[in-house]
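The values are calculated or read from the model by the stated rules, or taken from the named source; none is laboratory data. Since the structure is predicted, the reported quantities are computational estimates derived from the model, not experimental observations. Reconstructed Cβ throughout: ideal geometry from the backbone, glycine too, with neighbour counts over all protein chains shown. Note: areas computed on protein heavy atoms with side chains; ligands, DNA, RNA excluded. Shrake-Rupley method; radii C 1.70, N 1.55, O 1.52, S 1.80 Å.
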Amino acid sequence: MQIPTFTGQLATEQLRLEFKDGSVVVPNGAPLLLQVSADASAPKIPEICTLYYRSEDGTRGRANLRRIGGPLDGWQQFHLDGPPLDGVNSNLVLDVIGLDARLRNLTLETVERAVITDLQLECQYPTYLLDSLSVRAKRESLPYRTGLKIQEGTQCTLVGRCNAILREAQYTRRSPANSDSGQPIEILQATTDNDVFRIPLGVLRESQLVEIRLEDQFGLSSEQVMRYNLIVVPDLVPEVESRLEGIGLAITPRAYLPVRGTVVDDHAVAEVFAEVSVDETGLSPVALQLEDKTLVGIVDFSELAEAGITRLLPGMTVGLTVVAKDYYDLDDFPHLGRGQPVQLAVVTDDQLLVLLDRNELELRQRLEQIIS
């Protein structure tokens with residue numbers, strides 16, 4: 001009988017089932033090929049062999065086996081792959097006749113193929129998903145369903161239960177992006193215990209296509225290779241929208257900058273701060289507050305001057321960018337989301353008044369133009 005192949009497996013496989021004590025177990029509904037060998041050293045070799053069969057419900061019939069080539073290694077082969085063996089769905093008793101030779105009371109016993117009746121995904125979540133505000137359990141078992149999504153970095157194990165005792169369970173795994181790469185596939189062995197198998201997938205960083213082929217206690221393969229797609233959702237960088245409330249393009253050395261905006265992350269935000277530079281020289285980050293995704297913070301250059309961090313002088317340039325960091329810790333590159341950078345010129349009080357007067361005049365002229 002044919003064995004179903006994994007995706008990318010070039011050579012097809014066949015399973016050879018031997019009669020033991022006149023009986024052999026076959027899967028229900030499977031197409032079979034019967035091979036009979038006649039002794040080529042006999043005085044006469046039959047031209048044809050005939051199969052007589054009878055089923056449990058009393059159905060009887062006969063079929064001729066076709067002769068395959070000439071004798072090979074002292075045996076002449078005869079094959080039958082049509083009725084009644086093209087889909088055996090009940091026990092059959094067979095007799096094979098060739099000239100005066102007989103094989104009597106050969107029994108085909110049918111059993112149901114091994115199928116997966118329940119499939120669970122055991123998950124152990126990474127620490128970046130388990131912040132103080134998270135209600136997620138550290139470990140969880142999820143029933144598999146089509147389109148199941150797993151967060152990046154989750155350690156997963158597939159646990160399946162079948163309708164039959166297993167001899168082994170084979171599987172392959174690959175990312176969907178590499179499914180057509182042409183690389184040779186690696187067939188792995190899952191651990192089995194009676195009717196349960198376990199497939200360790202490790203820590204998932206990308207989506208996985210898992211294919212599983214079962215073999216029951218009789219050595220019979222499942223009807224087809226089962227395919228399961230696990231979608232891994234990557235952790236997203238925080239989205240930052242920030243602005244300086246009531247501030248234009250110029251500030252004085254005593255500037256007081258109210259920072260407002262929103263910060264959104266797919267899980268949780270660890271910290272929000274402002275990166276400040278003076279004439280392209282970076283300063284220590286200034287911590288900002290986040291209240292239910294709403295950004296509230298202040299950068300007070302008078303306090304920074306009193307603390308000896310920096311002192312602004314007219315003619316300098318100040319750069320400010322709001323940065324949000326989440327709890328992602330799967331590698332050495334943290335997820336940092338940045339808002340729109342702002343560049344401010346440091347001017348004297350009189351220069352700032354002149355700029356404000358100029359802006360007011362431009363707005364007044366534009367308003368008069370709109371009215372007219």
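Annotation for region 88-168: GluC sites (Glu not before Pro) lying in DSSP loop with at most 16 further Cβ atoms inside 10 Å of their Cβ are Glu112. When exposed loop sites are taken as trypsin sites (Lys or Arg not before Pro) in a DSSP loop with at most 15 other Cβ atoms within 10 Å, the longest stretch of the chain clear of them is 45-135. Per-atom-type breakdown for region 182-336 gives carbon and sulfur 48% of the accessible area (1.4 Å probe, protein chains only).
Under the rule a/c < 1.5 gives rounded, and otherwise a/b versus b/c splits prolate from oblate, where does region 251-351 land using the Cα gyration tensor? Prolate is the answer for region 251-351, as a/c is 1.5 or above and a/b outweighs b/c. Here the chain is treated with +1 on each Lys and Arg Cβ and -1 on each Asp and Glu Cβ, and its dipole about the Cα centre works out to around 1660 debye.
For region 181-217 versus region 247-307, the inter-centroid distance based on Cα atoms is 50 Å. One decimal place: the segment Glu112-Ser175 gains 19.5 nm when fully extended, by the rule 0.36 nm per residue minus the C-alpha distance.
When log10 I(q)/I(0) by the Debye sum over Cα atoms at q = 0.06, 0.08, 0.10 Å⁻¹ is computed from the coordinates, the matching label among (i) -0.28, -0.48, -0.71; (ii) -0.51, -0.67, -0.83; (iii) -0.33, -0.55, -0.79 is (ii). Placing a pseudo-label 7 Å from each Cα along the Cα-to-Cβ vector at Ser372 and Thr127 gives an inter-label distance of 6.8 nm.
Here region 66-198 is treated with +1 on each Lys and Arg Cβ and -1 on each Asp and Glu Cβ, and its dipole about the Cα centre works out to around 240 debye. Against the chain, whose longest principal axis is taken from its Cα atoms, helix 349-371 shows a tilt of about 70°.
Among residues other than Pro46 with Cβ under 11 Å from its Cβ, the summed charge is -1 (Lys and Arg +1, Asp and Glu -1). Diffusion of region 1-118 by Stokes-Einstein, at 25 °C in a medium of 0.890 mPa s and with Rh set to the Kirkwood radius over alpha-carbon pairs, works out to 156 µm²/s. The residues of the chain have, on average, 59 Å² of accessible surface per residue, using a 1.4 Å probe with all protein chains present. For the chain, the 222 nm mean residue ellipticity estimated from helices alone, with every DSSP H stretch of n ≥ 4 adding -39500 (n - 2.57) and the total spread over all residues, rounds to -2500 deg cm²/dmol. In summary, no lysines lie within cross-link reach of Lys149, defined as a Cα separation below 16 angstrom excluding same-chain residues under 8 places away.
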